[in-house]
Amino acid sequence: MAGERYIIEGGRRLQGTAEVSGSKNAAVAAMAASLLVPEECHLENVPAIGDVSFMAEVLESLGAEVERPSSSTLRLRAARITAFSPPTEQVVNLRASFMVMGPLLARFGQAACSPPGGDVIGQRPIDVHLAGFAAMGADIRRQGEKFLAEAKRLRGARIFMDYPSVLGTQNLTMAATLAKGTTVIVNAAAEPEIASLAEMLNKMGARIQGAGSHTIEIEGVDALHGTSQRIIPDRIEAGTFAIAAAITGGDVRICGLEPQRLYSLVAKLREAGVKVDEGEDVLHVRGDGQLTAVTIQAVPYPGLATDLQAPMAALLTQAQGVSYVHERVFDNRLLYVSELRKMGAEVVSTGNTAIISGPTSLVGTSVRALDIRAGAALVLAGLAAHGRTEIFDIYHLNRGYQCLDDKLRSLGANIQSV
Ligand code: EPU
């Protein structure tokens with residue numbers, strides 16, 4: 001609902017324990033993978049967020065059955081697929097909807113989809129997906145607004161990806177599972193969500209090696225079968241809570257995550273003066289000292305995630321000195337700069353770099369969440385600001401953060417959604 005907003009009374013130190021939900025991006029990929037088989041796939045630890053609901057609608061539009069036996073489980077069954085192309089009005093809601101292409105093409109020999117929507121954070125082409133399908137023998141045509149891909153049976157190929165696209169790697173990996181012969185993806189993305197998808201596919205009978213590295217080898221098989229999969233913890237949600245602890249000078253234990261997946265963030269937080277202790281599945285973050293300016297670069301994994309770039313920029317408004325924030329993944333992911341300025345931050349952007357002078361004392365005002373992570377940055381700024389911050393368009397946040405306001409309130413924040 002576009003009118004929903006957060007109201008935050010800032011200035012409270014966060015304290016306590018935050019539980020991390022399942023990963024948004026791993027969940028939507030696992031949902032797409034269920035299209036590869038007629039049997040049921042059972043997903044656990046699925047976050048209750050908007051993007052999961054959007055993806056469920058996309059699968060249902062194709063004839064798949066989607067049930068939610070509990071708030072964190074999904075039962076998916078693609079036994080009777082009746083369409084090979086999701087409606088454009090659903091596809092524009094969600095970038096991950098384009099991931100139906102790989103499984104449909106591999107299993108049924110045809111798939112069509114409009115260019116997907118998603119956050120407005122820069123040009124988001126799909127050329128690497130299409131080039132990969134074509135390399136595997138698919139015929140790719142434009143049919144009105146949609147891309148149509150057809151192939152009797154895909155065949156294994158050696159594919160060089162121009163850019164290590166996350167969704168591109170997932171789409172091509174799924175397509176290759178049922179191809180005839182072996183596919184090698186060179187310059188694949190290495191994000192943990194790719195390794196978790198490959199783990200699920202291997203449980204379904206696929207033969208994938210190297211997922212999580214930049215070269216993935218997939219030996220095609222004739223058929224796959226249903227499986228159960230637990231969705232990995234959301235490293236971006238965990239990182240957002242770590243920054244929330246730091247920006248409020250708080251003391252928060254973040255539980256149920258894989259700390260090694262957040263090493264780039266932990267390293268930069270420590271460099272900025274935040275105390276971070278790592279346990280097996282917990283991060284203990286204390287922001288009890290002065291923060292120092294740092295330079296960060298958002299790059300593909302294992303570098304600092306682009307999805308944590310805006311939240312880190314909010315933190316750096318509180319650091320002593322000049323911080324440089326370089327966004328190197330997307331070409332328009334600094335739109336939050338103008339919103340932070342409304343709150344009193346000394347930040348300017350030039351090209352894909354934000355330059356932040358600090359510390360500045362932030363003041364609550366009305367701001368707009370322009371995309372999910374820009375919205376997260378404003379929530380963090382609001383927690384640190386004096387007075388009342390009103391954040392509009394929080395539907396962006398609801399797409400990817402499960403019960404963000406409840407979780408922050410349980411740590412002592414004064415945040416209400418209205
Ligand atoms: N790119 C190309 N050609 C392509 C595809 C991508 O040049 O065919 C470029 C893009 O222009 C962009 C870069 O590659 O500059 C990265 O895009 P990528 O394809 O890797 O992003 P994505 O797969 O569309 C996923 C996540 C994003 C996350 C990025 C980068 C999902 C559903 N989305 O998007 O998550 O930012 O990887 O890690 O997995 C978010 O959670 O807030 C979010 C936007």
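The values are calculated or read from the model by the stated rules, or taken from the named source; none is laboratory data. What you see is a predicted model, and the numbers here were worked out from it, not measured in a lab. Reconstructed Cβ throughout: ideal geometry from the backbone, glycine too, with neighbour counts over all protein chains shown.
Please find, among Gly137, Gly132, the residue that is surrounded by fewer than 24 Cβ atoms within 10 Å (Cβ to Cβ) and over 20 Å from the mean Cα position of the chain (by Cα).
When all the criteria are applied, what remains is Gly137.
For Gly205, work out the one condition from (1) outside any strand (DSSP E or B); (2) out of contact with any Leu (no Cβ under 6 Å at 6 or more places or on another chain) it doesn't fulfil.
Result: Gly205 passes all but (2).
Find all pairs meeting these conditions: Cβ atoms under 9 angstrom apart; at least six residues apart or on different chains; first residue within the range 171-187 and in the same structural domain as Ser213 (by TED's automatic domain parsing); second residue aromatic (Phe, Trp, Tyr) and assigned to a helix (DSSP H, G or I).
Hits for this filter: Asn171/Phe98; Asn171/Phe133; Leu172/Phe133; Ala175/Phe133.
Of all residues in the range 313-344, how many are of a type in the set (Val, Ile, Thr), away from the ligand (no atom under 13 Å from the Cβ) and within 21 Å of Pro300 (Cβ to Cβ)?
Of the residues in the range 313-344, 1 are of a type in the set (Val, Ile, Thr), away from the ligand (no atom under 13 Å from the Cβ) and within 21 Å of Pro300 (Cβ to Cβ).
Output the strands (runs of 3 or more DSSP E) that fall wholly within the range 6-82 and possess 1 or more residues being out of contact with any strand residue (DSSP E or B) (no Cβ under 8 Å at 6 or more places or on another chain) and either of a type in the set (D, E, K, R) or over 24 Å from Ala111 (Cβ atoms) (or both), or say none.
Counting at least 1 such residues, we get 65-70.
Give the number of residues within the range 83-121 that are within 16 Å of the ligand (Cβ to nearest atom), in a loop (DSSP other than H, G, I, E, B) and at pLDDT 95 or above.
Of the residues in that region, 1 qualify.
Got at least one residue in the range 108-117 being of a type in the set (Phe, Trp, Tyr) and surrounded by fewer than 19 Cβ atoms within 10 Å (Cβ to Cβ)? Give the derivation first.
Initial filter on the range 108-117 (of a type in the set (Phe, Trp, Tyr)): 108.
Okay, now just the ones that are also surrounded by fewer than 19 Cβ atoms within 10 Å (Cβ to Cβ), so 108.
Yes, the conditions are met somewhere in the range 108-117.
Output the number of the condition that Ile394 fails; it satisfies all remaining conditions of (1) surrounded by fewer than 17 Cβ atoms within 10 Å (Cβ to Cβ); (2) over 18 Å from Ala319 (Cβ atoms).
(1)
Yes/no matrix, rows are residues, columns are (1) at pLDDT 95 or above; (2) closer than 30 Å to Arg328 by Cβ; (3) not aromatic (Phe, Trp, Tyr):
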{"position": "Arg142", "(1), (2), (3)": "no, no, yes"}
{"position": "Glu145", "(1), (2), (3)": "no, no, yes"}
{"position": "Arg158", "(1), (2), (3)": "yes, yes, yes"}
{"position": "Leu167", "(1), (2), (3)": "yes, yes, yes"}
{"position": "Leu178", "(1), (2), (3)": "yes, no, yes"}
{"position": "Val184", "(1), (2), (3)": "yes, yes, yes"}
{"position": "Gly210", "(1), (2), (3)": "yes, yes, yes"}
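Among all residue pairs at least 6 apart or on different chains, which show Cβ distances below 7 Å where the first residue, located in the range 317-338, is in contact (Cβ under 8 Å) with a residue 40 or more places away in the chain and the second is part of a loop (DSSP other than H, G, I, E, B) and of a type in the set (Asp, Glu)?
Filtered contacts from the range 317-338: no entries.
Inside the range 57-85, can you point out the residues that are crowded, with 18+ Cβ neighbours inside 10 Å and under 16 Å from Val37 (Cα atoms)?
Leu59, Leu62, Ala64, Val66, Leu74, Leu76, Arg77, Ala78, Phe84
If you take the residues of the range 140-164 that are within 18 Å of Glu217 (Cβ to Cβ) and either away from the ligand (no atom under 13 Å from the Cβ) or small (Gly, Ala, Ser) (or both), which of them is surrounded by the fewest Cβ atoms within 10 Å (Cβ to Cβ)?
Arg158
Quick check on Glu60: is it at pLDDT 95 or above and either more than 25 Å from the chain's Cα centre (by Cα) or away from the ligand (no atom under 16 Å from the Cβ) (or both)?
Taking the combined requirement at face value, the residue satisfies it.
Does at least one position in the range 304-312 carry a residue that is assigned to a loop (DSSP other than H, G, I, E, B), among the small types (Gly, Ala, Ser), in the same structural domain as Cys403 (by TED's automatic domain parsing) and modelled with pLDDT of 95 or more?
yes
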